[in-house]
Amino acid sequence: MLSISEIKTGVHIELDGQPYTVTWNQFGKTARQGGNMKTKLKNLITGSTMEKTFSGNDKVEPADISYKRAQFLYATGDDYEFMDNETYEQMAFTAEQLGDTVNYLSDGMEADIQYFNGNPINVQVQPKMTFEVTQTDPGVKGNTAGNVTKDATITTGLVLKVPPFIEIGDKVVVNTLSGEYVERAK
């Protein structure tokens, strides 16, 4: 059991049989009462978020979350097939389950499958990944005033904003949490 002082950002907890991760927390204390911990929680299965305040002697169960390495095999329609690297067992996730992660999947890549109580619930990719630019407009010379960007399409089909000096064939680093351009790959 976790006390309210142990409920911090990044901790996985279980509420009503569902796994949550703490995305934000703030401890507060009033004059004569015990402390309380305000939190924002993200459901690891549905992706929904909620706010919850834990107070005083509240205890919460840690979620049984584990990870296994898997390889992305292919996508068929709305299903995305993965294979466990140890057991070679295949599992499918829907686009709805994966959310924005589908924008960063390419055949043969490795990812971490997230398990809750032994059941696969989600897929996590690296926070920064490198992709090749497959389509973009040429940069306009002399247009350097301010923070100028243009659209570029990467190998997975995702369109993102990049600086004007990026051209077709360049490799770019993308933040998979925000979906933003980070830098040109070295």
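The values are calculated or read from the model by the stated rules, or taken from the named source; none is laboratory data. Note that the structure is predicted; figures quoted are calculated from it, not measured. Every residue, glycine among them, receives a Cβ derived from its backbone with ideal geometry; neighbour counts consider all protein chains shown.
Quick notes
- Total residues in the stretch 146-186 satisfying the condition of being closer than 13 Å to residue 133 by Cα and not hydrophobic (A, V, I, L, M, F, W, C): the figure is 16.
- Residue count, the stretch 103-118 (criterion: in contact (Cβ under 8 Å) with a residue 60 or more places away in the chain, under 21 Å from residue 176 (Cα atoms) and touching a strand residue (DSSP E or B) at 6+ places or on another chain (Cβ under 8 Å)): 2
- One residue alone among 123, 172, 182 is assigned to a strand (DSSP E or B), modelled with pLDDT of 90 or more, surrounded by 13 or more Cβ atoms within 10 Å (Cβ to Cβ) and in contact with a helix residue (DSSP H, G or I) (Cβ under 8 Å, 6 or more places away or on another chain), and that residue is 123.
- Within the stretch 171-186, residues that are under 15 Å from residue 150 (Cβ atoms) reach partners that are charged (D, E, K, R) and part of a strand (DSSP E or B) with beta carbons closer than 9 Å, at six or more positions or on different chains, in the pairs 172/132; 172/183; 172/184; 180/161; 181/161; 184/171.
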